[in-house]
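> Below you'll find the structure I mean.
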There are 2 protein chains.
Amino acid sequence: MTTEEIPAKAKEVRLAAHLEGALALSHFELAEAEVCEPGDGEVLVRYRYLQLAAVMQDLMKPEPNLPMPGYQPGAPMWGAAVGVVVKSNSPDLAVGDLVEGMDGFKEYSAGPAGDYFKLDADAFPSPVHYLTQGPTAYHGMVDIAEVGEGDTVFVSGAAGGVGSLAGQIAKCRGAKRVIGAAGSKAKVDYLVNELGYDAAFDYHDGPVLDRLRELAPDGIDVFFDTVGGEQFEAAVQAAAPGARFALCGALSGQVGDAEGAFPRLDVMTAIVKQLVIRPFATYHTPEQIWAWNSHFAQWLGEGRFVLPQTLVEGGLEAAPQALIDLLKGKYTGNVVVKLS
Amino acid sequence: MTTEEIPAKAKEVRLAAHLEGALALSHFELAEAEVCEPGDGEVLVRYRYLQLAAVMQDLMKPEPNLPMPGYQPGAPMWGAAVGVVVKSNSPDLAVGDLVEGMDGFKEYSAGPAGDYFKLDADAFPSPVHYLTQGPTAYHGMVDIAEVGEGDTVFVSGAAGGVGSLAGQIAKCRGAKRVIGAAGSKAKVDYLVNELGYDAAFDYHDGPVLDRLRELAPDGIDVFFDTVGGEQFEAAVQAAAPGARFALCGALSGQVGDAEGAFPRLDVMTAIVKQLVIRPFATYHTPEQIWAWNSHFAQWLGEGRFVLPQTLVEGGLEAAPQALIDLLKGKYTGNVVVKLS
């Protein structure tokens with residue numbers, strides 16, 4: 001059964017060609033595809049929101065150095081999206097159910113019910129609350145960096161999808177002082193005024209190490225890094241003894257000067273300080289997703305957390321330009337495209 | 001009371017000038033100093049063996065980046081030595097007791113009994129067994145890298161004072177395969193034929209990464225690094241998922257090209273592999289010393305371990321040239337100067 005009219009065809013975004021050089025609209029292909037009739041045990045989902053992330057640029061490369069499959073030319077790109085079941089031939093999902101799926105560069109998705117994760121529509125104010133990089137931020141800050149009471153924390157890329165959550169998680173876990181770096185005055189203001197960062201700075205404003213020495217004179221206990229490059233190198237120098245480093249990305253090298261993904265490690269300083277350096281990936285296991293969602297809902301309910309999110313209008317056809325803009329640092333927080 | 005004739009004066013080695021540039025004999029001063037009469041609660045010790053270590057070169061610099069005090073021009077250098085109490089005004093130590101002290105660039109040392117650590121002369125075949133870098137190798141391999149059954153282990157600087165012990169410790173702890181890198185064919189042979197390494201290579205023989213891929217096709221689970229530079233960078237590429245890195249030094253940069261102490265960290269590869277990178281220093285706490293000595297004695301007794309040590313003859317006056325030779329890679333194992 002169905003409660004809405006289903007079109008015969010719907011839009012999807014495919015990879016036009018593997019990414020070499022700078023990302024451009026020509027790497028994407030907006031196509032129309034038939035909306036499939038779900039088979040036995042399958043459902044049809046109309047996606048409402050698609051999440052964008054910096055990692056997608058790497059997935060567009062011929063051989064992405066990542067723990068997940070890259071995009072293939074001619075095939076639809078994949079990414080997390082939430083939507084509503086509009087047809088069901090499965091006892092596991094009913095029409096109207098809110099679900100998350102991973103083939104989100106499509107307006108409609110058909111597949112086995114088990115390919116979709118059923119969401120509790122009442123847990124959050126809006127479905128977009130499910131489209132965050134929270135599992136990564138939570139796993140990194142809590143399990144990897146083991147942030148705790150009294151810590152001085154430095155988050156690079158602090159206004160980004162992961163960083164904008166990581167700093168708030170640190171505060172909620174009792175960190176004494178949370179410092180963020182971002183790429184513009186507006187983002188710096190956003191960190192301090194909206195996200196509860198204790199201090200923030202624009203990494204363009206002189207050497208990062210000078211800013212860290214001013215803002216964390218007793219040193220950094222936790223470094224949550226999404227940027228690499230100069231910010232990683234400065235954090236080693238500004239670290240307190242025993243500091244824990246959770247490395248989640250190297251965006252400075254992924255989108256700019258490639259050397260940013262290969263910062264120099266000052267081994268002797270790291271030895272004297274006995275740093276614990278933990279590069280980590282988050283596989284979004286059910287445990288990781290549950291840990292994040294339960295704490296997120298609790299902290300939201302207590303008024304201690306805000307959802308840093310940019311909602312891009314314009315439907316699926318707006319997604320390619322929005323991804324380009326995301327990588328240029330145009331947005332703050334998690335970036336979600338509202339599908340039509 | 002005393003059982004041997006004590007001279008009025010004895011030799012000591014002082015730092016002549018802070019080290020800038022290449023280490024040379026001119027940085028050392030061989031001097032004669034009065035042999036002090038021990039005061040109340042003090043003892044006089046005649047040192048018999050002095051341990052040399054690569055870190056001494058760093059201690060000669062104006063501002064060593066190390067967790068211990070550097071040497072001062074005009075003052076005696078310090079280092080671990082074992083000797084025998086020859087005069088005692090303390091109830092805690094008796095004439096004839098074997099002790100370890102830290103002001104070992106002297107033939108005679110006087111000071112409070114508490115400045116010397118009493119050794120069990122029967123625990124080991126010879127007093128020189130106490131002069132190893134075992135606490136560092138043991139702490140790094142066991143506590144930091146958590147080596148265990150089935151691990152494939154790579155040790156850089158494997159013929160050196162720390163590395164020559166680290167590989168044997170890994171084998172004794174059940175590692176499946178231990179691979180060492182060293183700087184000459186003779187050292188490579190020594191590793192395999194004398195120290196029980198499963199495989200070894202000369203790091204001059206082509207890219208280190210090629211050798212690692214040949215010798216550890218399934219990847220490295222543990223990397224014990226004393227060298228830094230290319231060997232660190234290659235180990236990241238050759239690491240298995242979840243590999244643990246214990247970083248104990250960066251000798252390639254400490255004695256050669258300074259960049260060796262600042263290797264590039266390939267952040268994205270480290271993230272995908274979820275490496276655990278732990279630079280560490282060993283403070284030779286009583287627990288660390290005890291942990292090493294007890295296992296060392298046990299493994300020696302079981303015939304599973306050899307003491308890799310070079311004994312340099314010629315008395316204290318031979319120590320400066322021996323330290324220069326050590327840093328040039330002339331020796332294998334722990335280097336000890338036999339005092340006259």
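> All but one of (1) touching a strand residue (DSSP E or B) at 6+ places or on another chain (Cβ under 8 Å); (2) within 23 Å of residue A:309 (Cα to Cα) hold for residue A:251; which doesn't?
Only one criterion in (1) touching a strand residue (DSSP E or B) at 6+ places or on another chain (Cβ under 8 Å); (2) within 23 Å of residue A:309 (Cα to Cα) is unmet by residue A:251, namely (1).
> Can you name the number of the only condition in (1) away from every other protein chain (no Cβ under 14 Å); (2) closer than 30 Å to residue B:279 by Cβ; (3) buried (at least 20 other Cβ atoms within 10 Å of the Cβ); (4) of a type outside the set (Val, Ile, Thr) that residue A:308 fails?
(2)
> I would also like to ask the following. Name, by its number, the condition in (1) free of Cβ contacts under 8 Å to residues at least 60 places away in the same chain; (2) among the aliphatic types (A, V, I, L, M); (3) surrounded by 19 or more Cβ atoms within 10 Å (Cβ to Cβ) that does not hold for residue B:50.
For residue B:50, the failing item is (1).
> May I ask you to list the residues in the stretch A:270-300 that are over 20 Å from the mean Cα position of the chain (by Cα) and modelled with pLDDT under 95?
Correct list: A:272 only.
> Is it true that residue A:315 is farther than 20 Å from residue A:181 by Cα, modelled with pLDDT of 95 or more, within 14 Å of another protein chain (Cβ to nearest Cβ) and surrounded by fewer than 16 Cβ atoms within 10 Å (Cβ to Cβ)? Write out each step before concluding.
On the way: farther than 20 Å from residue A:181 by Cα: yes; modelled with pLDDT of 95 or more: yes; within 14 Å of another protein chain (Cβ to nearest Cβ): no; surrounded by fewer than 16 Cβ atoms within 10 Å (Cβ to Cβ): yes.
It is false that residue A:315 is farther than 20 Å from residue A:181 by Cα, modelled with pLDDT of 95 or more, within 14 Å of another protein chain (Cβ to nearest Cβ) and surrounded by fewer than 16 Cβ atoms within 10 Å (Cβ to Cβ).
> Do you know which residues across the stretch A:266-297 are among the aromatic types (Phe, Trp, Tyr) and within 7 Å of another protein chain (Cβ to nearest Cβ)? Steps first, please.
Here is the first cut: in the stretch A:266-297, the ones among the aromatic types (Phe, Trp, Tyr) are A:280, A:283, A:290, A:292, A:296.
Result: A:280, single match.
> Of the conditions (1) within 14 Å of chain B (Cβ to nearest Cβ); (2) crowded, with 18+ Cβ neighbours inside 10 Å, residue A:333 fails just one. Which one is it?
(1)
> What residue, of A:110, A:75, is more than 25 Å from residue A:326 (Cα to Cα) and modelled with pLDDT of 95 or more?
Numbers: A:75 fails: more than 25 Å from residue A:326 (Cα to Cα).
Of A:110, A:75, the one residue that is more than 25 Å from residue A:326 (Cα to Cα) and modelled with pLDDT of 95 or more is A:110.
> Scan the stretch B:25-38 residue by residue and report those that are surrounded by 12 or more Cβ atoms within 10 Å (Cβ to Cβ) and modelled with pLDDT of 95 or more.
Residues of the stretch B:25-38 surrounded by 12 or more Cβ atoms within 10 Å (Cβ to Cβ): B:25, B:27-33, B:35-36, B:38.
Of everything in the stretch B:25-38, those that are surrounded by 12 or more Cβ atoms within 10 Å (Cβ to Cβ) and modelled with pLDDT of 95 or more turn out to be B:25, B:27, B:28, B:29, B:30, B:31, B:32, B:33, B:35, B:38.
> For the stretch A:46-69, enumerate the residues that are under 24 Å from residue A:34 (Cα atoms) and either basic (Lys, Arg) or touching an Asp or Glu at 6+ places or on another chain (Cβ under 7 Å) (or both).
A:46, A:47, A:48 - these are the residues of the stretch A:46-69 that are under 24 Å from residue A:34 (Cα atoms) and either basic (Lys, Arg) or touching an Asp or Glu at 6+ places or on another chain (Cβ under 7 Å) (or both).
> Somewhere in the stretch B:87-104, is a residue in contact with a Gly (Cβ under 8 Å, 6 or more places away or on another chain) and closer than 28 Å to residue B:258 by Cα?
No, every residue in the stretch B:87-104 fails to be in contact with a Gly (Cβ under 8 Å, 6 or more places away or on another chain) and closer than 28 Å to residue B:258 by Cα.
> If you take the residues in the stretch A:117-152 that are farther than 25 Å from residue A:314 by Cβ and aromatic (Phe, Trp, Tyr), which one is modelled with the highest pLDDT?
A:138
> Take residue B:41 and tell me if it is on the phi > 0 side of the Ramachandran plot and touching a Gly at 6+ places or on another chain (Cβ under 9 Å).
yes
> Right, next: Looking at B:263, B:320, can you tell me which residue is surrounded by 20 or more Cβ atoms within 10 Å (Cβ to Cβ), within 14 Å of chain A (Cβ to nearest Cβ) and in contact with a Phe, Trp or Tyr (Cβ under 7 Å, 6 or more places away or on another chain)?
The match here is B:263.
> What residue, of A:258, A:250, A:239, is under 23 Å from residue B:280 (Cα atoms) and in the same structural domain as residue A:138 (by TED's automatic domain parsing)?
A:239
> Same structure, new question: Working only within the stretch A:172-211, note down all residues that are assigned to a helix (DSSP H, G or I) and buried (at least 21 other Cβ atoms within 10 Å of the Cβ).
Correct list: A:187, A:188, A:190, A:191, A:208, A:211.
> In the stretch A:212-223, how many are in contact (Cβ under 8 Å) with a residue 12 or more places away in the chain and not in a helix (DSSP H, G or I)?
7
> Next question, about the same structure. When the stretch A:124-141 is examined, which residues are found to be part of a loop (DSSP other than H, G, I, E, B) and touching a residue at least 24 places away in the same chain (Cβ under 8 Å)? Write out each step before concluding.
First, the residues of the stretch A:124-141 that are part of a loop (DSSP other than H, G, I, E, B): A:124-126, A:131-133.
Across the stretch A:124-141, the qualifying residues are A:124, A:125, A:131, A:132, A:133.
> Listed residues A:292, A:299; which is in contact (Cβ under 8 Å) with a residue 40 or more places away in the chain and surrounded by fewer than 20 Cβ atoms within 10 Å (Cβ to Cβ)?
A:299
> Let me ask you something else. For residue B:151, indicate whether it is acidic (Asp, Glu) and within 26 Å of residue A:275 (Cα to Cα).
Yes: the conditions hold for residue B:151.
> Now a separate question. Starting from the stretch B:224-252, keep only residues that are facing chain A (nearest Cβ under 10 Å), then list their pairs with residues that are in a strand (DSSP E or B) and at pLDDT below 95 whose Cβ atoms are within a distance under 6 Å, requiring at least 6 positions of separation or different chains.
Cβ pairs passing all conditions: none.
> Those residues that are under 18 Å from residue B:308 (Cα atoms) and in contact with a strand residue (DSSP E or B) (Cβ under 6 Å, 6 or more places away or on another chain), I need them from the stretch B:110-132; list them, please.
B:127, B:128, B:130, B:131, B:132 - these are the residues of the stretch B:110-132 that are under 18 Å from residue B:308 (Cα atoms) and in contact with a strand residue (DSSP E or B) (Cβ under 6 Å, 6 or more places away or on another chain).
> Being of a type in the set (Gly, Ala, Ser) and more than 18 Å from the chain's Cα centre (by Cα) is the filter here; which residues of the stretch A:146-165 pass it? Spell out how you get there, then give the answer.
Going residue by residue through the stretch A:146-165, those that are of a type in the set (Gly, Ala, Ser) are A:148, A:150, A:156-161, A:163-164.
Of everything in the stretch A:146-165, those that are of a type in the set (Gly, Ala, Ser) and more than 18 Å from the chain's Cα centre (by Cα) turn out to be A:148, A:150.
The values are calculated or read from the model by the stated rules, or taken from the named source; none is laboratory data. Keep in mind it's a predicted model, so treat the numbers as computed, not measured. Using ideal geometry, Cβ is built from the backbone for each residue, glycine included, and neighbour counts are taken over all protein chains shown.
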